[in-house]
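Trainee: The structure is given below, and queries will be raised subsequently.
The values are calculated or read from the model by the stated rules, or taken from the named source; none is laboratory data. Keep in mind that what you see is a predicted model, and the values were worked out from it rather than measured. Cβ: placed from backbone, ideal geometry, glycine included. Neighbour counts: every protein chain shown.
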Amino acid sequence: MKLHKRKKSSRYHGRGMGSNGHGSRKNWKKSGHRGGIGMAGTGKRADHKKTLVLNLYGNNYFGKQGVTSRKTQRDTRQRINVGDIEVHLGKYGKKSGNGYEVKLEEYKILGSGEVKNKLFVKCLEISQSAKEKIEKAGGSVEVAQVKEIKTPVVTNPKHERKAGKKE
């Protein structure tokens, strides 16, 4: 006796769109464009798991991190112009007998702007033009002495012994 078996496509006809016995269509597919397993597909340009990543790992997951080369380090010294000091004398200066005493020991003072009041300035560094403007207005400048740290020359005693011997 010959058995007649219907094709699978006709047997599962109407049992979920295109499921053919695999439940929903997504169940029979592999990961496809969803990115694979775990953190796969979460690269710089991928949006696949962005909300998951941001919630779990925070905002520092994407982008560059780490050490920049020493050549590209920015100069982080603080600077201020003479004109800015003049405009904000209440903030930077303290009224003394015949002028204003300005203590900016961590700043380098630059020469942009004009000076009308007598300023007695204490600073880390100062440009030549700023110094001239302050002294022309009757003030004075005191630059902080930067202590130079002398590194001792350490010699290797083993190296000296080897160099001293002549065999």
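Trainee: Can you report the number of residues in the range 100-122 which are in contact with an Asp or Glu (Cβ under 6 Å, 6 or more places away or on another chain) and closer than 11 Å to GLY139 by Cβ?
Mentor: Residues that pass the stated criteria total 2.
Trainee: Across the range 91-107, what is the number of residues that are buried (at least 16 other Cβ atoms within 10 Å of the Cβ) and assigned to a strand (DSSP E or B)? Break it down stepwise before answering.
Mentor: So the first thing to find is which residues in the range 91-107 are buried (at least 16 other Cβ atoms within 10 Å of the Cβ), and the list is 92-93, 99-102, 104, 107.
Adding the requirement that they be assigned to a strand (DSSP E or B) leaves 93, 99-102, 104, 107.
The number of residues fulfilling the criteria is 7.
Trainee: Then there is this: Filter the range 60-81 for residues that are of a type in the set (S, T, N, Q) and surrounded by fewer than 15 Cβ atoms within 10 Å (Cβ to Cβ); which is farthest from SER127 (Cα to Cα)?
Mentor: Keep residues of the range 60-81 that are of a type in the set (S, T, N, Q), which gives 60, 65, 68-69, 72-73, 76, 78, 81.
Then drop every residue that is not surrounded by fewer than 15 Cβ atoms within 10 Å (Cβ to Cβ), which leaves 60, 65, 68-69, 72-73, 76, 78.
On the way: ASN60: 40, GLN65: 35, THR68: 29, SER69: 29, THR72: 24, GLN73: 23, THR76: 17, GLN78: 13 Å.
Of everything passing the filter in the range 60-81, ASN60 is farthest from SER127 (Cα to Cα).
Trainee: I would also like to ask the following. Could you look through the range 120-147, keep only residues that are charged (D, E, K, R) and modelled with pLDDT of 65 or more, and pick out the one that is farthest from the chain's Cα centre (by Cα)? Please lay out each step first, then the result.
Mentor: Of the range 120-147, the ones charged (D, E, K, R) are 122, 125, 131-133, 135-136, 142, 147.
Those still in the list that are modelled with pLDDT of 65 or more too: 122, 125, 131-133, 135-136, 142.
Working: LYS122: 31, GLU125: 26, LYS131: 33, GLU132: 36, LYS133: 36, GLU135: 39, LYS136: 41, GLU142: 34 Å.
Per the stated criteria, the residue is LYS136.
Trainee: Looking only at the range 92-103, decide whether some residue is among the aliphatic types (A, V, I, L, M) and at pLDDT below 90.
Mentor: Checking the range 92-103: not a single residue is among the aliphatic types (A, V, I, L, M) and at pLDDT below 90.
Trainee: For GLY113, state whether it is surrounded by 17 or more Cβ atoms within 10 Å (Cβ to Cβ), more than 29 Å from the chain's Cα centre (by Cα) and of a type in the set (Gly, Ala, Ser).
Mentor: Numbers: surrounded by 17 or more Cβ atoms within 10 Å (Cβ to Cβ): no; more than 29 Å from the chain's Cα centre (by Cα): yes; of a type in the set (Gly, Ala, Ser): yes.
Considered against the rule, which asks whether it is surrounded by 17 or more Cβ atoms within 10 Å (Cβ to Cβ), more than 29 Å from the chain's Cα centre (by Cα) and of a type in the set (Gly, Ala, Ser), GLY113 comes out as no.
Trainee: Identify, by number, the condition in (1) touching a Phe, Trp or Tyr at 6+ places or on another chain (Cβ under 6 Å); (2) surrounded by 12 or more Cβ atoms within 10 Å (Cβ to Cβ) that ASP84 doesn't meet.
Mentor: It is condition (1) that ASP84 fails.
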